[in-house]
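Read the structure below first, then the notes.
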Amino acid sequence: MLILGIETSCDETAVALYDSASHQVDQLVHTQVDIHAPYGGVVPELASRDHVTRLAPMIEHFLSERFIKPSELDGIAYTRGPGLIGALMVGACLGKSLAYGWGIPALGVHHIEAHLLAVMLEETQPDFPFVALIVSGGHSLLVHVKGVGEYHLLGETLDDAAGEAFDKTAKLLGLSYPGGPALAALAEQGDPKAYHFTRPMMHHPTCDMSFSGLKTQIAKTYAELPEDSCMADLAASFQAAVVDVLIAKSTRALKQVNSKRLVVAGGVSANQRLRRLSQTTFKKHGIDVVFPKLAYCTDNAAMVAYTGAVRMAAGEFDSDLSIQPKARWPLVDLRKPTS
Ligand SMILES: Nc1ncnc2c1ncn2[C@@H]1O[C@H](COP(=O)(O)OP(=O)(O)OP(=O)(O)O)[C@@H](O)[C@H]1O
Ligand SMILES: [Mg+2]
């Protein structure tokens, strides 16, 4: 199956091709960072408008550069939700219209399921079941994954998502948008033990997490710091606290379901400290931990094309031409692929 994937849930316009026969994927991502940077965050209306102007030419250019004719495609997978409603609407309208015009099926894909399955784009794929730690800009979830569409929630953040905590802390420290990756880069140069921040809910006997209090602690420490203080140390100490919580909660979740396999996904899975400490900590306990390639951690269309291909191969397609993007859509509402 050759599936065209479209991602427009937030501030990246992305298109991809996934070929299930060869397990090859190819993608093009355009980020809207320059548009939103002056505002210090994503402006939903500007995001939608940019998707509108970019998406159709991007698809045309992407397919023609690869000499792919629409008649060679077996389907179009677009992100149906969760995300910004206007941005989702753009991908859903164009994806379904093209599929209708080209006489091929379309399928609306769940953005977080796509993040979770991004790891399946690797050459060797983890076997089900496993525990997934999904840490992105809008979500922090621990899920027991028995198969595609078989998701049991083990824990989640009670307030900010881990990526959101990175972004908000970066803003607080005056780092330019997008803050999360900038904060992580700064943290790599600092001493993670310079300041001790509490590890919120780390010893709480559940797999739930909380990150908003941490942000307040940083704000207080930052306000009291002498001017010549090392910001990298502050960033590193913040990052260490978040990573410790993520590793402790993942360990608890693995124990709870007696699993020895962990998949980490979403934008925060690009974090180098999380990657390093996961490898050493989990290896010691005989746990296999898998991360997606860096290009598939943050928003991309490769994961959307892959997820669409898996569900379409099982006979799942949009049943009519209605456009129904979903701003909110819990992952656990998904079911096994059905025709
Ligand atoms: N190296 C990094 N370290 C920590 N956080 C990072 C890093 N790189 C990206 N992030 C964070 O990842 C988030 C972006 O990831 P992603 O694209 O998966 O989220 P989103 O699409 O905005 O949210 P969602 O997927 O929940 O809808 C941002 O919050 C960003 O700060
Ligand atoms: Mg995302």
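Translational D (Stokes-Einstein, µm²/s) of the chain at 4 °C and 1.567 mPa s when Rh comes from the Kirkwood sum over C-alpha pairs?
Details: Rh = 20.5 Å.
Answer from the Stokes-Einstein relation: 63 µm²/s.
With viscosity set to 0.890 mPa s and temperature to 25 °C, compute the Stokes-Einstein D of segment 224-339, Rh being the Kirkwood radius across alpha carbon pairs; µm²/s, no decimals.
Estimated via Stokes-Einstein, D reaches 139 µm²/s.
Which residue fluctuates the most in the chain, going by a Gaussian network model with Cα springs under 10 Å, if the choices are Gly138, Gly40, Gly180?
Gly40
Size of the dipole of segment 233-318 about the Cα centre, Lys and Arg at +1 and Asp and Glu at -1 on the beta carbon, nothing else charged, in debye to 20?
Approximately 520 debye in magnitude.
From the phi of every residue in segment 247-259, what ³J(HN,Hα) in whole Hz does the Karplus formula 6.51 cos²θ - 1.76 cosθ + 1.60 yield, where θ is phi - 60° and glycine or proline is x?
6, 5, 6, 5, 4, 4, 5, 4, 5, 4, 10, 6, 10
Pairing the Cα long axis of helix 272-284 with the longest principal axis of the chain, what angle in degrees results, from 0 to 90 and rounded to the nearest 10?
With both axes taken from Cα atoms, the answer is about 80 degrees.
Would you list Tyr18, Tyr100 from fewest to most Cβ contacts within 10 Å?
Numbers: Tyr18 27, Tyr100 14.
Neighbour counts put them in this order, fewest first: Tyr100, Tyr18.
Quick one: compute the contact order of segment 123-291, relative version, from alpha carbon pairs under 8 angstrom and 6+ residues apart, as a percent.
On the way: 317 pairs, mean separation 45.8, N = 169.
Computed over segment 123-291, the figure is 27 percent.
Restricting attention to segment 174-240, which GluC sites (Glu not before Pro) occupy a DSSP loop and are surrounded by at most 12 other Cβ atoms within 10 Å?
Loop-located and lightly packed - Glu227.
Ignoring solvent entirely, what values of log10 I(q)/I(0) come out of the Debye formula for segment 7-126 at 0.12, 0.13, 0.22 Å⁻¹ when each Cα is a single scatterer?
Per q value, in the given order, log10 I(q)/I(0) is -0.45, -0.53, -1.37.
Trypsin sites (Lys or Arg not before Pro) within segment 1-82: which are DSSP loop residues with at most 14 other Cβ atoms inside 10 Å? Let's see the in-between values first.
Details: sites: Arg49, Arg54, Arg66, Arg80; in loops: Arg66.
In loop regions of segment 1-82 (DSSP not H, G, I, E or B), the sparsely surrounded trypsin sites (Lys or Arg not before Pro) are Arg66.
Using only the Cα atoms of segment 108-190, what do you get for the radius of gyration and for Dmax, in Å?
15.2, 43
Could you state the angle between the C-alpha long axis of helix 85-102 and the longest principal axis of the C-alpha atoms of the chain, as a value from 0 to 90 degrees rounded to the nearest 10?
30 degrees
State to the nearest 20 debye the size of the charge dipole of the chain about its Cα centre, where the only charges are +1 on K and R beta carbons and -1 on D and E beta carbons.
Roughly 960 debye for the chain.
Once you list every other residue whose beta carbon is under 12 Å from the beta carbon of Lys168, what net charge do they have if Lys and Arg are +1 and Asp and Glu are -1?
My count for the surroundings of Lys168 gives -2.
Would you list which lysines come within 20 Å of Lys255, measuring only between C-alpha atoms, while excluding same-chain residues fewer than 8 positions from it?
Lys146, Lys283, Lys284
Would you mind ranking Thr198, Thr251 by Cβ crowding within 10 Å, fewest neighbours first?
Exposure proxy ranking, most exposed first: Thr198, Thr251.
Select from Ala106, Ala309, Ala248 the residue whose mean-square fluctuation is largest in a Gaussian network model of the chain (Cα-Cα springs shorter than 10 Å).
Ala248
Using only the Cα atoms of segment 43-91, construct the convex hull and provide its projected area averaged over every direction, in square nanometres to one decimal. If you can, show how the numbers build up before the last one.
On the way: hull surface 15.3 nm².
It is 3.8 nm².
Name the residue, out of Lys171, Lys193, Lys326, whose mean-square fluctuation peaks in a Gaussian network model built on the chain with Cα pairs under 10 Å.
Lys193
Compare the Cα positions of Leu158, His110, Gly180 along the charge dipole of segment 108-257 (+1 at Cβ of Lys, Arg; -1 at Cβ of Asp, Glu; about the Cα centre) and return the one farthest towards the positive end.
Leu158
So for segment 5-107, taking the charge dipole from beta-carbon charges (+1 Lys/Arg, -1 Asp/Glu), which of Ala87, Thr53, Tyr100 sits furthest toward the positive end?
Tyr100
Could you give me the percent of Cα pairs per 10 Å distance bin for segment 123-291, shortest bin first, beginning at zero and ending with the bin that holds the maximum distance?
11, 41, 33, 13, 2, 0
If contacts are Cα pairs under 8 angstrom and at least 6 residues apart, what is the relative contact order of the chain in percent?
It comes to 25 percent, rounded to a whole number.
None of the figures in this text is laboratory data; all of them are computed from the coordinates on show. These numbers were taken from a predicted model, which means no experiment stands behind them. Backbone-built Cβ (ideal geometry, glycine too); neighbour counts: all protein chains shown.
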